[in-house]
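Report on one structure; see the data block that follows.
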Amino acid sequence: MQYFQKEIETMSKADKRALQSERLVKMVKYVYENQKPYRAKMDAIKLKPSDIKSIDDIYKLPYTVKQDLRDAYPFGMMARPRKDLVRLHASSATTGKLTVAGYTQNDIDVWGDCAARSLVMAGADKDSVIHVAYGYGLFTGGLGMHYGGEHLGAVVVPASAGNTQKQIQLISDFGADIICCTPSYIIYLTEEIERLGLKIGTDIKLKGGVFGAEAWSEGMRADIERRLGIRACDIYGLSEIAGPGVACDCQFKTGMHFQDDHFYPEIVDVNTLEPLPMGESGELVITTLTKEGMPLIRYRTRDIASLNDDPCPCGRTSVKLNKITGRSDDMLIIRGVNVFPSQIESVLLKDENITPNYHINVDRVNNLDTMEIVVELSPNVKVDEVAHVEEIRKKLAANMASALSVSAKITLVTPGTVARSEGKAKRITDNRKL
(Lines give C-alpha, C1' and ligand atoms only; values in the text may rest on other atoms or scores of the structure.)
Protein backbone atom coordinates (compact mmCIF):
# COMPACT_ATOMS: atom_id res chain seq x y z
CA MET A 1 0.00 0.00 0.00
CA GLN A 2 1.33 3.43 -0.93
CA TYR A 3 1.48 6.24 1.67
CA PHE A 4 2.96 9.71 1.78
CA GLN A 5 3.61 9.80 5.55
CA LYS A 6 3.06 6.23 6.76
CA GLU A 7 4.13 6.87 10.36
CA ILE A 8 1.29 9.40 10.73
CA GLU A 9 -1.29 7.83 8.45
CA THR A 10 -1.12 4.42 10.17
CA MET A 11 -0.57 5.67 13.73
CA SER A 12 -2.42 3.72 16.42
CA LYS A 13 -5.58 5.34 17.72
CA ALA A 14 -4.11 5.61 21.21
CA ASP A 15 -1.02 7.40 19.93
CA LYS A 16 -3.15 9.64 17.73
CA ARG A 17 -5.34 10.54 20.69
CA ALA A 18 -2.26 11.46 22.73
CA LEU A 19 -0.92 13.60 19.88
CA GLN A 20 -4.28 15.37 19.48
CA SER A 21 -4.41 16.06 23.21
CA GLU A 22 -0.90 17.48 23.28
CA ARG A 23 -1.60 19.70 20.29
CA LEU A 24 -5.00 20.90 21.52
CA VAL A 25 -3.59 21.97 24.90
CA LYS A 26 -0.86 23.97 23.16
CA MET A 27 -3.30 25.41 20.60
CA VAL A 28 -5.79 26.68 23.20
CA LYS A 29 -2.99 28.46 25.09
CA TYR A 30 -1.63 29.89 21.82
CA VAL A 31 -5.03 31.15 20.68
CA TYR A 32 -5.88 32.63 24.08
CA GLU A 33 -2.63 34.59 24.10
CA ASN A 34 -2.67 35.70 20.45
CA GLN A 35 -6.24 35.90 19.09
CA LYS A 36 -8.29 38.59 20.83
CA PRO A 37 -11.77 37.65 19.53
CA TYR A 38 -11.49 34.08 20.78
CA ARG A 39 -9.93 35.13 24.08
CA ALA A 40 -13.03 37.28 24.62
CA LYS A 41 -15.25 34.22 24.02
CA MET A 42 -13.32 32.20 26.61
CA ASP A 43 -13.30 35.05 29.12
CA ALA A 44 -17.06 35.43 28.71
CA ILE A 45 -17.60 31.90 30.04
CA LYS A 46 -14.69 32.13 32.52
CA LEU A 47 -12.72 29.39 30.75
CA LYS A 48 -8.94 29.38 31.10
CA PRO A 49 -6.42 27.50 28.93
CA SER A 50 -5.41 25.48 32.01
CA ASP A 51 -8.96 24.03 32.04
CA ILE A 52 -8.18 22.14 28.81
CA LYS A 53 -6.07 19.11 29.69
CA SER A 54 -6.78 16.73 26.80
CA ILE A 55 -8.82 16.30 23.62
CA ASP A 56 -11.66 15.03 25.83
CA ASP A 57 -12.13 18.59 27.11
CA ILE A 58 -12.79 20.05 23.66
CA TYR A 59 -16.53 20.24 24.34
CA LYS A 60 -15.84 22.94 26.98
CA LEU A 61 -14.56 25.36 24.33
CA PRO A 62 -16.85 27.91 22.62
CA TYR A 63 -17.59 27.68 18.93
CA THR A 64 -16.22 29.92 16.18
CA VAL A 65 -18.58 30.91 13.36
CA LYS A 66 -18.11 32.61 10.02
CA GLN A 67 -19.61 35.83 11.38
CA ASP A 68 -16.64 36.05 13.76
CA LEU A 69 -14.36 36.19 10.73
CA ARG A 70 -16.52 38.81 9.04
CA ASP A 71 -16.65 40.95 12.16
CA ALA A 72 -12.86 40.80 12.43
CA TYR A 73 -12.25 41.63 8.73
CA PRO A 74 -9.59 41.75 7.49
CA PHE A 75 -6.91 40.82 10.03
CA GLY A 76 -8.62 40.68 13.43
CA MET A 77 -8.62 36.87 13.60
CA MET A 78 -4.92 36.54 12.82
CA ALA A 79 -2.79 35.13 15.63
CA ARG A 80 0.47 36.29 14.10
CA PRO A 81 1.56 39.76 12.93
CA ARG A 82 1.32 40.41 9.21
CA LYS A 83 5.11 40.22 8.83
CA ASP A 84 4.87 36.50 9.73
CA LEU A 85 2.19 35.75 7.12
CA VAL A 86 3.14 34.59 3.64
CA ARG A 87 -0.30 34.05 2.09
CA LEU A 88 -3.86 35.36 2.29
CA HIS A 89 -6.75 33.35 0.89
CA ALA A 90 -10.39 34.37 0.95
CA SER A 91 -13.86 33.18 0.06
CA SER A 92 -16.93 35.15 -0.86
CA ALA A 93 -19.45 36.26 1.75
CA THR A 94 -23.07 37.37 1.73
CA THR A 95 -22.16 40.67 3.36
CA GLY A 96 -19.97 41.72 0.44
CA LYS A 97 -16.83 41.40 2.54
CA LEU A 98 -14.52 38.47 1.94
CA THR A 99 -13.85 35.84 4.56
CA VAL A 100 -10.07 36.10 4.93
CA ALA A 101 -7.64 33.42 6.11
CA GLY A 102 -3.94 34.02 6.78
CA TYR A 103 -1.19 31.42 6.42
CA THR A 104 2.37 31.28 7.73
CA GLN A 105 5.00 29.33 5.81
CA ASN A 106 4.52 26.42 8.21
CA ASP A 107 0.77 26.49 7.52
CA ILE A 108 1.47 26.27 3.79
CA ASP A 109 3.87 23.38 4.35
CA VAL A 110 1.35 21.46 6.48
CA TRP A 111 -1.36 22.07 3.89
CA GLY A 112 0.97 20.86 1.14
CA ASP A 113 1.69 17.67 3.07
CA CYS A 114 -2.02 16.99 3.59
CA ALA A 115 -2.75 17.63 -0.10
CA ALA A 116 0.10 15.26 -1.02
CA ARG A 117 -1.43 12.56 1.18
CA SER A 118 -4.68 13.06 -0.74
CA LEU A 119 -3.01 12.80 -4.14
CA VAL A 120 -1.36 9.53 -3.13
CA MET A 121 -4.81 8.17 -2.23
CA ALA A 122 -5.85 8.92 -5.81
CA GLY A 123 -2.90 6.92 -7.16
CA ALA A 124 -0.29 9.65 -7.60
CA ASP A 125 3.41 9.22 -6.94
CA LYS A 126 6.63 11.16 -7.58
CA ASP A 127 6.58 10.11 -11.24
CA SER A 128 3.07 11.48 -11.84
CA VAL A 129 2.03 14.37 -14.06
CA ILE A 130 -0.71 16.17 -12.12
CA HIS A 131 -3.08 18.38 -14.10
CA VAL A 132 -4.61 21.03 -11.81
CA ALA A 133 -7.78 22.50 -13.31
CA TYR A 134 -9.06 24.16 -10.16
CA GLY A 135 -9.01 27.94 -10.28
CA TYR A 136 -5.92 29.68 -8.95
CA GLY A 137 -6.09 32.85 -6.87
CA LEU A 138 -7.97 33.66 -3.67
CA PHE A 139 -9.84 30.35 -4.07
CA THR A 140 -7.74 27.66 -2.38
CA GLY A 141 -8.32 24.84 -4.87
CA GLY A 142 -5.62 25.45 -7.46
CA LEU A 143 -2.74 26.36 -5.17
CA GLY A 144 -3.66 23.68 -2.64
CA MET A 145 -3.34 20.80 -5.10
CA HIS A 146 -0.39 22.52 -6.79
CA TYR A 147 1.67 22.51 -3.60
CA GLY A 148 0.48 18.99 -2.82
CA GLY A 149 1.90 17.79 -6.10
CA GLU A 150 5.18 19.58 -5.51
CA HIS A 151 5.47 18.17 -1.97
CA LEU A 152 5.02 14.75 -3.52
CA GLY A 153 7.81 15.45 -6.02
CA ALA A 154 5.56 15.10 -9.05
CA VAL A 155 5.28 17.28 -12.14
CA VAL A 156 2.44 19.80 -11.76
CA VAL A 157 0.62 21.41 -14.69
CA PRO A 158 -1.01 24.63 -13.35
CA ALA A 159 -3.75 24.75 -15.99
CA SER A 160 -6.27 26.58 -13.76
CA ALA A 161 -9.92 26.77 -14.87
CA GLY A 162 -11.31 27.56 -18.29
CA ASN A 163 -10.17 27.10 -21.91
CA THR A 164 -11.46 23.54 -22.09
CA GLN A 165 -9.99 22.70 -25.50
CA LYS A 166 -6.53 23.71 -24.31
CA GLN A 167 -7.02 21.68 -21.13
CA ILE A 168 -7.73 18.53 -23.12
CA GLN A 169 -4.74 19.16 -25.37
CA LEU A 170 -2.45 19.53 -22.33
CA ILE A 171 -3.86 16.41 -20.65
CA SER A 172 -3.18 14.45 -23.83
CA ASP A 173 0.18 15.94 -24.86
CA PHE A 174 1.73 15.95 -21.38
CA GLY A 175 0.42 12.49 -20.50
CA ALA A 176 -1.24 13.58 -17.26
CA ASP A 177 -2.19 10.62 -15.04
CA ILE A 178 -3.87 12.60 -12.23
CA ILE A 179 -6.39 15.43 -12.56
CA CYS A 180 -7.73 17.84 -9.92
CA CYS A 181 -10.90 19.89 -10.53
CA THR A 182 -14.56 20.21 -9.57
CA PRO A 183 -16.87 17.23 -10.23
CA SER A 184 -19.01 19.24 -12.63
CA TYR A 185 -15.95 20.26 -14.64
CA ILE A 186 -14.61 16.71 -15.01
CA ILE A 187 -18.03 15.75 -16.38
CA TYR A 188 -17.76 18.62 -18.86
CA LEU A 189 -14.21 17.62 -19.82
CA THR A 190 -15.38 14.04 -20.28
CA GLU A 191 -18.16 15.13 -22.61
CA GLU A 192 -15.69 17.09 -24.71
CA ILE A 193 -13.18 14.21 -24.77
CA GLU A 194 -15.92 11.91 -26.03
CA ARG A 195 -17.12 14.46 -28.58
CA LEU A 196 -13.58 14.79 -29.96
CA GLY A 197 -13.33 11.02 -30.29
CA LEU A 198 -10.21 10.73 -28.11
CA LYS A 199 -9.41 7.25 -26.87
CA ILE A 200 -9.18 6.50 -23.16
CA GLY A 201 -5.91 4.78 -22.33
CA THR A 202 -4.06 6.00 -25.42
CA ASP A 203 -4.92 9.65 -26.10
CA ILE A 204 -6.01 10.18 -22.48
CA LYS A 205 -3.88 8.38 -19.89
CA LEU A 206 -5.58 9.55 -16.69
CA LYS A 207 -5.68 6.98 -13.91
CA GLY A 208 -6.95 9.03 -10.97
CA GLY A 209 -8.43 12.32 -9.87
CA VAL A 210 -9.38 14.30 -6.80
CA PHE A 211 -12.64 16.19 -7.15
CA GLY A 212 -14.21 18.61 -4.67
CA ALA A 213 -15.43 22.16 -3.93
CA GLU A 214 -19.04 21.17 -4.64
CA ALA A 215 -21.47 18.40 -3.76
CA TRP A 216 -21.51 15.26 -5.90
CA SER A 217 -23.03 11.86 -5.51
CA GLU A 218 -21.84 8.28 -5.67
CA GLY A 219 -23.78 7.98 -8.92
CA MET A 220 -21.72 10.77 -10.45
CA ARG A 221 -18.52 9.17 -9.16
CA ALA A 222 -19.45 5.85 -10.78
CA ASP A 223 -20.23 7.65 -14.04
CA ILE A 224 -16.84 9.44 -14.04
CA GLU A 225 -14.93 6.25 -13.24
CA ARG A 226 -16.73 4.28 -15.94
CA ARG A 227 -16.27 6.83 -18.70
CA LEU A 228 -12.66 7.80 -17.95
CA GLY A 229 -11.43 4.53 -16.46
CA ILE A 230 -9.99 6.31 -13.41
CA ARG A 231 -10.06 6.24 -9.62
CA ALA A 232 -12.24 9.21 -8.62
CA CYS A 233 -11.54 10.43 -5.07
CA ASP A 234 -13.67 12.83 -3.06
CA ILE A 235 -11.62 15.60 -1.42
CA TYR A 236 -12.69 18.08 1.26
CA GLY A 237 -11.39 21.40 2.46
CA LEU A 238 -12.38 25.00 3.08
CA SER A 239 -10.37 28.18 2.84
CA GLU A 240 -10.89 29.12 6.49
CA ILE A 241 -9.21 25.87 7.57
CA ALA A 242 -6.73 24.80 4.87
CA GLY A 243 -8.31 24.34 1.45
CA PRO A 244 -8.42 20.91 -0.24
CA GLY A 245 -6.60 18.18 1.64
CA VAL A 246 -8.34 18.36 5.01
CA ALA A 247 -9.87 14.98 4.11
CA CYS A 248 -9.83 12.67 1.09
CA ASP A 249 -10.99 9.15 0.37
CA CYS A 250 -8.84 6.27 -0.86
CA GLN A 251 -9.48 3.53 -3.40
CA PHE A 252 -11.70 1.62 -0.96
CA LYS A 253 -14.20 4.50 -0.60
CA THR A 254 -14.89 3.89 3.10
CA GLY A 255 -15.13 7.64 3.73
CA MET A 256 -12.72 10.55 3.43
CA HIS A 257 -9.68 10.03 5.65
CA PHE A 258 -9.54 13.10 7.88
CA GLN A 259 -6.04 14.46 8.45
CA ASP A 260 -6.86 14.42 12.14
CA ASP A 261 -3.31 14.97 13.32
CA HIS A 262 -3.75 18.57 12.09
CA PHE A 263 -7.55 19.04 12.00
CA TYR A 264 -9.84 17.59 14.67
CA PRO A 265 -13.43 16.89 13.52
CA GLU A 266 -16.63 16.78 15.54
CA ILE A 267 -20.26 16.31 14.56
CA VAL A 268 -22.81 18.35 16.52
CA ASP A 269 -26.58 18.58 16.51
CA VAL A 270 -27.67 21.40 14.19
CA ASN A 271 -30.22 22.74 16.67
CA THR A 272 -28.74 22.07 20.12
CA LEU A 273 -25.03 22.13 19.11
CA GLU A 274 -24.47 19.18 21.42
CA PRO A 275 -21.78 16.70 20.23
CA LEU A 276 -23.19 13.63 18.51
CA PRO A 277 -21.81 10.07 18.71
CA MET A 278 -19.84 8.46 15.90
CA GLY A 279 -22.02 7.66 12.89
CA GLU A 280 -24.79 10.19 13.53
CA SER A 281 -25.41 12.99 11.06
CA GLY A 282 -25.08 16.65 12.02
CA GLU A 283 -22.97 19.73 11.44
CA LEU A 284 -19.23 19.26 10.94
CA VAL A 285 -17.09 21.27 13.37
CA ILE A 286 -13.31 21.51 12.91
CA THR A 287 -10.51 22.56 15.26
CA THR A 288 -7.09 23.33 13.79
CA LEU A 289 -4.42 21.67 15.92
CA THR A 290 -1.28 23.10 14.32
CA LYS A 291 -2.25 26.20 12.34
CA GLU A 292 -0.32 29.36 13.21
CA GLY A 293 -1.60 32.23 11.04
CA MET A 294 -5.32 31.96 11.74
CA PRO A 295 -6.07 29.01 14.00
CA LEU A 296 -9.74 28.23 14.52
CA ILE A 297 -11.22 26.38 17.48
CA ARG A 298 -14.49 24.49 17.03
CA TYR A 299 -15.26 26.20 13.73
CA ARG A 300 -18.80 25.52 12.54
CA THR A 301 -18.47 24.64 8.86
CA ARG A 302 -22.24 24.43 8.22
CA ASP A 303 -21.59 21.22 6.27
CA ILE A 304 -23.91 18.33 7.12
CA ALA A 305 -22.15 14.97 7.39
CA SER A 306 -21.20 12.12 9.71
CA LEU A 307 -17.99 10.42 10.81
CA ASN A 308 -17.00 6.77 10.95
CA ASP A 309 -14.04 5.00 12.53
CA ASP A 310 -14.47 1.61 10.85
CA PRO A 311 -11.18 -0.04 9.84
CA CYS A 312 -10.16 0.69 6.24
CA PRO A 313 -8.43 -1.95 4.10
CA CYS A 314 -5.89 0.70 3.07
CA GLY A 315 -4.43 0.61 6.59
CA ARG A 316 -4.95 4.29 7.37
CA THR A 317 -6.25 4.74 10.90
CA SER A 318 -7.65 8.28 10.81
CA VAL A 319 -11.32 8.91 11.44
CA LYS A 320 -13.27 9.16 8.19
CA LEU A 321 -15.68 11.82 6.98
CA ASN A 322 -18.70 10.42 5.17
CA LYS A 323 -19.90 12.27 2.10
CA ILE A 324 -21.28 15.75 2.72
CA THR A 325 -25.04 15.57 2.31
CA GLY A 326 -25.82 19.28 2.34
CA ARG A 327 -25.41 22.46 4.31
CA SER A 328 -27.28 23.75 7.31
CA ASP A 329 -27.30 27.30 6.00
CA ASP A 330 -28.04 26.98 2.28
CA MET A 331 -30.47 24.12 2.17
CA LEU A 332 -33.68 24.80 0.29
CA ILE A 333 -36.86 24.94 2.34
CA ILE A 334 -39.74 24.12 0.00
CA ARG A 335 -43.17 24.40 1.62
CA GLY A 336 -41.66 23.59 5.00
CA VAL A 337 -39.58 20.65 3.77
CA ASN A 338 -35.78 20.75 3.93
CA VAL A 339 -34.30 19.88 0.54
CA PHE A 340 -30.62 19.56 -0.33
CA PRO A 341 -29.40 19.69 -3.96
CA SER A 342 -27.39 16.52 -3.33
CA GLN A 343 -30.67 14.67 -2.66
CA ILE A 344 -31.98 15.82 -6.02
CA GLU A 345 -28.78 14.76 -7.76
CA SER A 346 -28.91 11.28 -6.24
CA VAL A 347 -32.36 10.73 -7.77
CA LEU A 348 -31.35 12.07 -11.17
CA LEU A 349 -28.28 9.88 -11.44
CA LYS A 350 -30.27 6.69 -10.94
CA ASP A 351 -32.07 7.22 -14.27
CA GLU A 352 -30.06 6.22 -17.34
CA ASN A 353 -32.38 8.27 -19.56
CA ILE A 354 -30.96 11.57 -18.28
CA THR A 355 -27.53 13.12 -17.71
CA PRO A 356 -26.00 14.66 -14.55
CA ASN A 357 -26.49 18.16 -16.01
CA TYR A 358 -29.34 19.91 -14.20
CA HIS A 359 -30.49 23.22 -12.72
CA ILE A 360 -32.98 23.95 -9.94
CA ASN A 361 -35.33 26.94 -10.18
CA VAL A 362 -37.18 27.96 -7.02
CA ASP A 363 -39.91 30.60 -6.96
CA ARG A 364 -42.99 31.67 -5.01
CA VAL A 365 -46.35 31.88 -6.80
CA ASN A 366 -49.44 33.04 -4.92
CA ASN A 367 -47.52 32.65 -1.64
CA LEU A 368 -46.71 29.03 -2.47
CA ASP A 369 -43.16 27.78 -3.03
CA THR A 370 -42.54 26.14 -6.40
CA MET A 371 -39.56 24.10 -7.53
CA GLU A 372 -38.60 23.26 -11.11
CA ILE A 373 -35.80 20.85 -11.96
CA VAL A 374 -34.44 21.31 -15.46
CA VAL A 375 -32.45 18.26 -16.55
CA GLU A 376 -30.95 17.10 -19.82
CA LEU A 377 -32.05 13.94 -21.55
CA SER A 378 -29.42 11.39 -22.45
CA PRO A 379 -28.17 11.58 -26.06
CA ASN A 380 -29.59 8.05 -26.47
CA VAL A 381 -33.16 9.28 -25.97
CA LYS A 382 -34.96 10.38 -29.12
CA VAL A 383 -36.64 13.67 -28.26
CA ASP A 384 -39.21 13.29 -31.02
CA GLU A 385 -40.66 10.23 -29.28
CA VAL A 386 -43.06 12.38 -27.28
CA ALA A 387 -44.82 9.56 -25.44
CA HIS A 388 -41.54 8.04 -24.28
CA VAL A 389 -40.18 11.40 -23.10
CA GLU A 390 -43.39 12.05 -21.16
CA GLU A 391 -43.08 8.62 -19.55
CA ILE A 392 -39.53 9.49 -18.43
CA ARG A 393 -40.75 12.82 -17.03
CA LYS A 394 -43.60 11.27 -15.04
CA LYS A 395 -41.39 8.54 -13.60
CA LEU A 396 -38.74 11.07 -12.59
CA ALA A 397 -41.34 13.35 -10.99
CA ALA A 398 -42.71 10.44 -8.96
CA ASN A 399 -39.25 9.34 -7.82
CA MET A 400 -38.38 12.90 -6.87
CA ALA A 401 -41.55 13.36 -4.83
CA SER A 402 -40.89 10.08 -3.03
CA ALA A 403 -37.30 11.00 -2.18
CA LEU A 404 -37.90 14.63 -1.21
CA SER A 405 -41.40 14.46 0.29
CA VAL A 406 -42.27 17.47 -1.86
CA SER A 407 -43.31 17.72 -5.49
CA ALA A 408 -41.28 19.38 -8.22
CA LYS A 409 -41.95 20.28 -11.83
CA ILE A 410 -39.63 18.28 -14.08
CA THR A 411 -38.56 19.91 -17.33
CA LEU A 412 -36.62 17.69 -19.72
CA VAL A 413 -34.37 19.42 -22.25
CA THR A 414 -32.09 18.31 -25.06
CA PRO A 415 -28.39 17.51 -24.46
CA GLY A 416 -26.19 20.58 -24.19
CA THR A 417 -29.03 22.87 -23.08
CA VAL A 418 -28.08 23.31 -19.41
CA ALA A 419 -25.26 25.85 -19.02
CA ARG A 420 -21.86 24.26 -18.35
CA SER A 421 -19.36 25.56 -15.83
CA GLU A 422 -15.58 25.54 -16.04
CA GLY A 423 -15.41 25.99 -12.28
CA LYS A 424 -17.86 25.50 -9.46
CA ALA A 425 -21.31 24.75 -10.90
CA LYS A 426 -24.21 27.09 -10.08
CA ARG A 427 -27.03 24.63 -9.53
CA ILE A 428 -29.74 26.82 -8.00
CA THR A 429 -31.67 29.95 -8.93
CA ASP A 430 -33.84 31.00 -6.00
CA ASN A 431 -36.11 33.84 -7.10
CA ARG A 432 -37.80 34.05 -3.70
CA LYS A 433 -34.87 36.16 -2.51
CA LEU A 434 -35.15 38.74 -5.27
Reachable lysines, given that their alpha-carbon falls under 19 Å from the alpha-carbon of residue 97 and they are not under 8 places away in the same chain: 66
Between residue 84 and residue 270, the FRET efficiency computed from the C-beta separation at R0 = 25 Å comes out, to the nearest 0.05, as 0.10
Where does the chain land on Rg(C-alpha)/(2.2 N^0.38 Å)? 1.01
Using the Cα atoms of the range 320-434, I'd like the radius of gyration and the largest Cα-Cα distance, Dmax, both in angstrom. 14.5, 47
Hey, rough spin-label estimate for residue 351 and residue 366, points 7 angstrom out along Cα→Cβ, what's it come to in nanometres? 2.6 nm
For a quick check of your reading of the filter: which trypsin sites (Lys or Arg not before Pro) in the range 106-195 sit in a DSSP loop and have no more than 12 other Cβ atoms within 10 Å? 126
Calculated FRET efficiency for the pair residue 26/residue 194, C-beta based, R₀ 60 Å, to 0.05: 0.70
Search the structure for amide H atoms under 5 Å from the amide H of residue 369, placed 1.01 Å from N in the peptide plane, and list their residues when 5 or more places away or on another chain. 335
Taking a ≥ b ≥ c as the square roots of the eigenvalues of the Cα gyration tensor, with a/c under 1.5 meaning rounded and otherwise prolate when a/b exceeds b/c and oblate if not, the range 288-341 is oblate
Going down the list 46/426; 291/323; 46/291; 16/426, which pairs span over 32 Å between their C-alpha atoms? 46/426; 16/426
Relative contact order (percent) for the range 1-116, with alpha-carbon contacts under 8 angstrom and 6 or more residues of separation? 20 percent
Rounded to the nearest 10 Å², the 1.4 Å probe accessible area of residue 216 is 10 Å²
A 1.4 Å probe over the protein heavy atoms gives the range 121-194 a carbon and sulfur accessible-area percentage of 53 percent
Binned at 5 Å from 0, what are the whole-percent values of the Cα-Cα distance distribution for the range 1-153, short to long? 2, 8, 13, 15, 16, 17, 15, 9, 4, 1, 0
Sort 319, 375 by heavy-atom solvent-accessible area, probe 1.4 angstrom, most to least. 319, 375
Using a 7 Å offset from the Cα along the Cα-to-Cβ direction at both residue 417 and residue 43, what is the distance between the two label points in nm, to one decimal? 6.1 nm
Counting only the heavy atoms of the protein chains, how much of residue 202 is accessible to a 1.4 Å probe, in Å² to the nearest 10? 80 Å²
Between rounded, prolate and oblate, where does the range 379-434 land on the alpha carbon gyration tensor, with a ≥ b ≥ c its root eigenvalues, rounded for a/c under 1.5, else prolate if a/b exceeds b/c? oblate
At 1.4 Å probe size, with no ligands or nucleic acids counted, give the accessible surface of residue 365 in Å², nearest ten. 80 Å²
Accessible area, 1.4 Å probe, largest first: how do 174, 139, 258 sort? 174, 139, 258
Full extension between residue 388 and residue 12 adds, at 0.36 nm per residue less the Cα distance, a length in nm of 129.7 nm
Take the range 128-267, compute every pairwise Cα distance, and split them into 10 Å bins from 0; I just need the percent in each bin. 12, 45, 34, 8, 1
I'd like to know which of 220, 349, 299 lies farthest towards the positive end of the charge dipole of the chain, counting +1 on Cβ of Lys and Arg and -1 on Cβ of Asp and Glu. 299
Judged on accessible area alone, 1.4 Å probe, highest first, 41, 395 line up as 395, 41
Taking a ≥ b ≥ c as the square roots of the eigenvalues of the Cα gyration tensor, with a/c under 1.5 meaning rounded and otherwise prolate when a/b exceeds b/c and oblate if not, the range 300-369 is oblate
For the chain, the per residue accessible area (1.4 Å probe, Å²) is 43 Å²
Rounding to the nearest 20 debye, state how big the charge dipole of the chain is about its Cα centre with +1 on each Lys and Arg Cβ and -1 on each Asp and Glu Cβ. 940 debye
Between residue 397 and residue 222, what FRET efficiency comes out of the Förster formula 1/(1 + (r/R0)^6) with R0 = 22 Å and r the beta carbon distance, rounded to 0.05? 0.40
Rounded to whole Hz and in sequence order, give me ³J(HN,Hα) for the range 200-210 from the Karplus expression 6.51 cos²θ - 1.76 cosθ + 1.60, θ = phi - 60°, writing x for Gly and Pro. 6, x, 10, 6, 10, 10, 4, 10, x, x, 10
What percent do you get for the relative contact order of the range 174-232 when only Cα pairs under 8 Å and 6+ apart count? 45 percent
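The values are calculated or read from the model by the stated rules, or taken from the named source; none is laboratory data. These numbers come from a predicted model, not from an experiment. Ideal geometry is used to build each Cβ from the backbone, glycine not excepted, and the neighbour counts take in all protein chains shown. Side chains included, ligands, DNA and RNA excluded: accessible areas come from the protein's heavy atoms. Shrake-Rupley method; radii C 1.70, N 1.55, O 1.52, S 1.80 Å.
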